[in-house]
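Chemist: A single structure is presented below for examination.
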Amino acid sequence: MNIDDIYRIMDKFESSSINEFELEMDDVSISLKKGVVSGMPAGMNCMPPMPVAGMPVMPGMNMSVNEETDKEAAEVNEGKVIKAPLVGTFYVAPSEDSDPYVKPGDSVKKGDIIGIIEAMKLMNEIEASEEGIVESIEVNNGNMVEYGQVLIKLK
């Protein structure tokens, strides 16, 4: 596989209706993801897996469409959640010896600080996007989070 093959795959992916694409072939691994369109109802950004038109399947090629988006859409439908607004490392407290910003049972208002995401050596305070009572914290302190990943479930 050469760079022209990779560009052709990227072009086909961009013009397709799939949101995620992974390819592993010999010593090459490609992972492509499209951004989520804001303002769409929950679950509407999860299109069923569809073949990329015109892309040949070569022997030894392992293609898969990530099923995580369907799982996340199902979680969103379970109630109110606060999601990660960026990719990075999530921290529940401002320092190791400090109390967490929130814990299960705490009441949060829109705009309250619920944690920190470190991205590119910058500490970004994460504000609650919903009001409610913290049901659970879905991410362990110090774990990596993806954009749109559920951080906290609210009642």
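Chemist: Look at E130 and say whether it is of a type outside the set (V, I, T), over 13 Å from L86 (Cβ atoms), part of a loop (DSSP other than H, G, I, E, B) and not assigned by TED's automatic domain parsing to the domain that holds K33.
Modeler: yes
Chemist: While we're on this one: For region 134-148, give me the residue count where each residue is closer than 16 Å to L86 by Cα and in contact with an Asp or Glu (Cβ under 8 Å, 6 or more places away or on another chain).
Modeler: Of the residues in region 134-148, 1 are closer than 16 Å to L86 by Cα and in contact with an Asp or Glu (Cβ under 8 Å, 6 or more places away or on another chain).
Matching residues to (1) loosely packed, with under 15 Cβ neighbours inside 10 Å; (2) outside any loop (DSSP other than H, G, I, E, B); (3) more than 17 Å from the chain's Cα centre (by Cα); (4) of a type in the set (A, V, I, L, M, F, W, C):
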| residue | (1), (2), (3), (4) |
| --- | --- |
| Y101 | no, no, yes, no |
| G105 | yes, no, yes, no |
| K110 | yes, no, yes, no |
| V134 | no, yes, yes, yes |
| G148 | no, no, no, no |
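Chemist: Among the residues that make up region 88-96, is at least one of them surrounded by fewer than 12 Cβ atoms within 10 Å (Cβ to Cβ), farther than 30 Å from L23 by Cβ and at pLDDT below 90?
Modeler: Looking through region 88-96, at least one residue is surrounded by fewer than 12 Cβ atoms within 10 Å (Cβ to Cβ), farther than 30 Å from L23 by Cβ and at pLDDT below 90.
Chemist: Across region 15-35, which residue is nearest to E146 (Cα to Cα) among those that are exposed (fewer than 15 other Cβ atoms within 10 Å of the Cβ) and more than 19 Å from the chain's Cα centre (by Cα)?
Modeler: So, considering only residues that are exposed (fewer than 15 other Cβ atoms within 10 Å of the Cβ) and more than 19 Å from the chain's Cα centre (by Cα), the one nearest to E146 (Cα to Cα) is S29.
The values are calculated or read from the model by the stated rules, or taken from the named source; none is laboratory data. Keep in mind that this is a model prediction, so the values were computed, not measured. Reconstructed Cβ throughout: ideal geometry from the backbone, glycine too, with neighbour counts over all protein chains shown.
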